[in-house]
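Input: a single structure, listed below in structure tokens.
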Amino acid sequence: MGIFFAHVIFYLTLVLFASYLMLGIFSAIALRKYLRKNSFINYNSLVLSPLSPKISIIAPAFNESKTIIDNVRTLLSLYYNNFEVVIVNDGSTDNTFELMKDAYDLVRVNYYFDYRIPCERIRGVYRSKNPSYNRLTIIDKNNGGKADSLNAGINICHSDLFVSIDADSIIEADSILKLVKPFLEQKDKKVIGTGGVIRIVNSCDVERGHIREIRVPSKFLPRLQVLEYTRAFLLGRMAWSQLDGLMLISGAMGLFDRETVIKAGGYSVKTVGEDMELVLRMRRYMAETETKYEVTYIPDPLCWTEVPSDLKSMRKQRTRWTRGLIESLRTHRKMFLNSQYGRLGLLGYPYWFFFEWMAPLIAFSGFIYTIFLIIRDSLNWPFYLLLFLFVYSFAVSISTWAILFEEITFHKYKRKRDVLRLVGVAFLEPFFYPVHTYFAVRGNLEALRGKKGWGSAERSGFDKKKKARTRVIDDSSDFNQ
Amino acid sequence: MRNRVIAILSLLVFTVLKAGHTADYSLNRIHPEPVFIPDGASLITAGVNDARLNDVIGLSKDFYPIQIGAFRVKSNAERMYNEVSEVLGSDVAILEEDGYFKVRVSKLDLDKVKSYIEEAEEPSAPLADTIKTAAITADTVQEAFVAVPPVIEMPAPAVEPIVVKPPKFFLLNSESPWLKRINYFGKSFALVNALIITIFISFVTMIILLMVILLNRRRMEKEEDLRQYLAETYQGMIIDYLFSGSSPDKFRSIASDTYRRQALIDQMIDVSVNLKGDAEDKLSGLYLYLGLDRDSIRRAHDYRWHKKIKGFRELAFMNIKDANDEIYEALNSRNEILRMEAQIALVRLTNEDPFGFLFQLERPFSLWEQITLHELIIQHDLPVPEFSKFLKASNPSVVMFALRMIREFKQRQAEDDVREALEHPSQEVRKLSVEVAGDLEFRSTLEVMKRMYKTQDNHTCLEIIRAMAKMPDPSLLGFLRLVLDKEDDVQLQIEATKAIENNGEEGVKTLVKLMKSEYKNYNIIVRHVLDRRIF
């Protein structure tokens, strides 16, 4: 039994590594193609063009009093000409709404709308008396969570395309231009959603909602996550997009076709993984209605978000991600190895099932088994060391690839020291893997116990001046980045 | 003595084979010293005969127990004991002596031993070979299969190890002290070596990548500096040439170097954007004089799309028409960027009917391409054609572009054609036609819109009502009221109310009536429409 188990772990590791290699290759191809094409694109044409489609930017906010004013200002100054900003105050218990009301001179309007997607009661819709803020709409509603707030925003907004973002994220000024482009490239397939790269803002210099200087985080955990995000976004999602198996557009920022979202039923309020669940449901809807569609992904950094810098917050975030993953996979289990859903059913879903859900569990039981063997004094230490070196060297190598991809593509970290720090973390990261698996196991246990909700996390603000203070905010922004 | 050893080793062979495994007898606890065989003993090199066997059996029955293993750890001795006794079915015993746990056999049965040996001596596996194999397999067992006389002390000559040469490509072989200890997945040499090779490759890759990362950084910085320097220098030279009348010959040396030539071309293109008239012609003259057009034409014919694009751009800016055929071919390329660049180049390079290529477009003319072309017209102040002629194009996306351009350039003379486009087979074209008709207030389209309302999808219906709001007409009040009454869609209701309200006094009267209506609660809709902060 022990030998069989060891075989399972070993071969799973081999398949996982092989899949990483394949994803790396696909990602390199897709990145090269994208960057080459992008070098001929002039996004400025879109900025002033009267032909640009209208876009609604929907940002749910819950107890965001520390950053909301700056963040709304950043949103209103985005580099695009035809957009509206819809901030959904999700029943904040602090003064988030009052701050906005004062800062933007808001008055309640007689807004008539349809609950096309069910959501919590909307207490009021507010607009500014100041014409400078005529792009801004604020929705005040009962607390219902992030998904519910997004649904409220979708009900209220009018444009055909909407961007869902986290109000506490920092958006790159040209992010809308980049996100909307796939929707403008008319193909035989309908583009239903586009996602992009999310970056980590910890330790960066932020001033009034804009990033002044980009730095690698000074603390170990956020730095570790920089590497993780780089790998996930530049290697993983880019490749899955190329393979038409993309299952997740990060909740921190994504652009969607509003009508398709409404027809698919909007965001699910029953899961904490609403971003993944939405993509799965939209794709399922399109496949079941036999409509040709596409979910695209662009490798440009679009949005910067703060990640947990202590283990406790990280645990909460990761266990929530695991729960979200399980809920999404369980809801759409019909897609598993189902050719009706194309490559998503045959490749994407099984990959997430085996390597995102099951692999940490198997790895965790592997750790337990190893401890058992050590206690029994029957661990084959030389072979164990050999296997460890194999896994370690491969993991570090893959991380180095990711750093290289970042270097030759967007080159966001200008200082050599920052890159060397990332490389240093790549060497340490594999030792942190047991902690990740522990979080995954906890997430599974929570899912088994039927735990719901987001919880909260300790975070520090973006602004230098505010960094000294710690605040408690909803950390919904980080789901499955 | 020699004969005895022969038989004993035969037994060992069988024991080991029959037990089928030697796995964890020792790990790192085996007897570390050389194996000794008492005086006269040696390894088997030939078969076993009856006489020799009798000898051994006799011995075992009388005084000589046969020792088949000695271990420092008792559990290992016990494991061997269990396996041997299972196979031999004879008296097997463990005794502790000189700090070792020794496994010994006595009272062997002749017939049984014979049958073991027959089994072990199959033609395909001669005994000697089998022994070797077994010895390899049994690497963890102390090979001290000796008959131990109870009293006589004998000198113990060292035994030569049995050597099996592994294939050369393996990094580790059977003799490796690593493999001696490794027993995983059947001690596969291939697996262990594959792991070692992968580890090696991974580390080497890592080091190479690190070097690439660091060197690439330096290369990029240097390249950027050089590019900046060349750009500034060449721009100055070009401006000097254009406006101070300096000689073109100083560009000759630049044009002889491929990298610098490209930098010069890029600068000429940059400068040409802001030039008109004589200066533009003079720059084109310099371009031809230096033979740079040949580079651009070669690039336009390149099989790589990104090279082609560069070529198209250069030719378009320098107004060189020699590669127009190639550009026409690219119009229907699968690559949307190449298509777009071909369109831009053709608009710039075609004197008569620069937009004529639109009729040749077979692929969808994307909104992105339309935006780019529109920007080109505006930025370069190109002559605007009568876009209504493109409403007849077979490609619906071209028709949509024409509709958009009619709106942007306010070509009101296209009213009749737009009205016709309202009945276009494509739903998207119909919707856009309604939008354009509304924006340009083509009142003659109102009746058509009213007629077609029932047969359109929700989006087009919404646009029809919006268009009606833009062209207030009291004769439509009844129709709008009907929409308000019958439609469930909130957006349609709001737009219909807006359209009613836009009809001035009559519209307001209708709204007042509506607010008193008991058929539906219109108050909330009307309040929404009358709130000027909502748009």
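Of the listed requirements (1) over 40 Å from the mean Cα position of the chain (by Cα); (2) charged (D, E, K, R); (3) modelled with pLDDT under 85, B:ASP257 misses just one: (1). Residue-level analysis places A:ILE398 among those that are within 14 Å of chain B (Cβ to nearest Cβ), in contact with a Gly (Cβ under 8 Å, 6 or more places away or on another chain), at negative phi and not basic (Lys, Arg). Would you confirm, using the coordinates I've provided, whether A:LYS129 is within 20 Å of A:PRO299 (Cα to Cα) and either touching a His at 6+ places or on another chain (Cβ under 9 Å) or not hydroxyl-bearing (Ser, Thr, Tyr) (or both)? So A:LYS129 does not fit the description; no. Of all residues in segment A:374-381, one or more are surrounded by fewer than 17 Cβ atoms within 10 Å (Cβ to Cβ), at the interface with chain B (Cβ under 9 Å from one of its Cβ atoms), part of a helix (DSSP H, G or I) and among the aromatic types (Phe, Trp, Tyr). Residues of segment A:111-167 that are acidic (Asp, Glu) and closer than 21 Å to A:ASN71 by Cβ: A:ASP140, A:ASP148, A:ASP166. Is it true that A:GLY195 is within 24 Å of A:ARG320 (Cβ to Cβ), away from chain B (no Cβ under 12 Å), assigned to a loop (DSSP other than H, G, I, E, B) and out of contact with any helix residue (DSSP H, G or I) (no Cβ under 6 Å at 6 or more places or on another chain)? So A:GLY195 does not fit the description; no. The set of residues from segment A:45-60 being within 13 Å of another protein chain (Cβ to nearest Cβ) and within 29 Å of the chain's Cα centre (by Cα) comprises A:SER45, A:LEU46, A:VAL47, A:SER52, A:PRO53, A:LYS54. Of all the residues that make up segment A:259-311, how many are in contact (Cβ under 8 Å) with a residue 24 or more places away in the chain and not in a helix (DSSP H, G or I)? The qualifying residues number 29. Looking only at residues that are under 48 Å from the mean Cα position of the chain (by Cα) and within 14 Å of chain A (Cβ to nearest Cβ) in segment B:466-492, which one is modelled with the highest pLDDT? So, considering only residues that are under 48 Å from the mean Cα position of the chain (by Cα) and within 14 Å of chain A (Cβ to nearest Cβ), the one modelled with the highest pLDDT is B:ARG466. Reported count of residues in segment A:25-72, each being in contact with a Leu (Cβ under 8 Å, 6 or more places away or on another chain), buried (at least 21 other Cβ atoms within 10 Å of the Cβ) and closer than 30 Å to A:THR93 by Cα, is 8. Looking only at segment A:3-24, filter to residues that are exposed (fewer than 12 other Cβ atoms within 10 Å of the Cβ) and under 30 Å from the mean Cα position of the chain (by Cα); which one of those is modelled with the lowest pLDDT? Step by step, filter segment A:3-24, then rank; the result is A:TYR11. Restricting A:ALA239, A:ALA232, A:ALA152 to those that are part of a helix (DSSP H, G or I), touching a helix residue (DSSP H, G or I) at 6+ places or on another chain (Cβ under 7 Å) and away from chain B (no Cβ under 14 Å) reduces the list to A:ALA239. Set side by side, the residues A:ASP188, A:ASP244 differ, and just one is within 14 Å of chain B (Cβ to nearest Cβ) and either touching a Pro at 6+ places or on another chain (Cβ under 8 Å) or part of a loop (DSSP other than H, G, I, E, B) (or both), which is A:ASP188. Residues in segment A:80-92 include none that are touching a residue at least 24 places away in the same chain (Cβ under 8 Å) and in a helix (DSSP H, G or I).
Among the residues making up segment B:403-455, those that are surrounded by fewer than 18 Cβ atoms within 10 Å (Cβ to Cβ), touching a Lys or Arg at 6+ places or on another chain (Cβ under 9 Å) and not in a helix (DSSP H, G or I) are B:GLU423, B:GLU441.
Which condition number does A:LEU75 fail, the rest of (1) hydrophobic (A, V, I, L, M, F, W, C); (2) crowded, with 20+ Cβ neighbours inside 10 Å; (3) not in a helix (DSSP H, G or I) being met? Checking A:LEU75 against (1) hydrophobic (A, V, I, L, M, F, W, C); (2) crowded, with 20+ Cβ neighbours inside 10 Å; (3) not in a helix (DSSP H, G or I), the one that fails is (3). In segment A:36-54, which residues are in contact with a helix residue (DSSP H, G or I) (Cβ under 6 Å, 6 or more places away or on another chain) and among the aliphatic types (A, V, I, L, M)? Across segment A:36-54, the qualifying residues are A:LEU46, A:LEU51.
May I ask you to verify whether B:PRO364 is at the interface with chain A (Cβ under 10 Å from one of its Cβ atoms) and over 20 Å from A:SER39 (Cβ atoms)? The answer is yes for B:PRO364.
Return the residues of segment A:102-123 that are surrounded by fewer than 17 Cβ atoms within 10 Å (Cβ to Cβ), more than 16 Å from A:ASN151 (Cβ to Cβ) and either within 31 Å of the chain's Cα centre (by Cα) or within 13 Å of chain B (Cβ to nearest Cβ) (or both); say none if nothing qualifies. Across segment A:102-123, the qualifying residues are A:ALA103, A:ASP105, A:VAL107, A:ARG108. When only residues in segment B:334-356 that are more than 11 Å from every other protein chain (Cβ to nearest Cβ) and over 22 Å from B:ILE269 (Cβ atoms) count, which is surrounded by the most Cβ atoms within 10 Å (Cβ to Cβ)? Residue satisfying both the conditions and the ranking: B:PHE355.
The values are calculated or read from the model by the stated rules, or taken from the named source; none is laboratory data. If you're wondering where the values come from, they're calculated on a predicted model, not measured in any experiment. Using ideal geometry, Cβ is built from the backbone for each residue, glycine included, and neighbour counts are taken over all protein chains shown.
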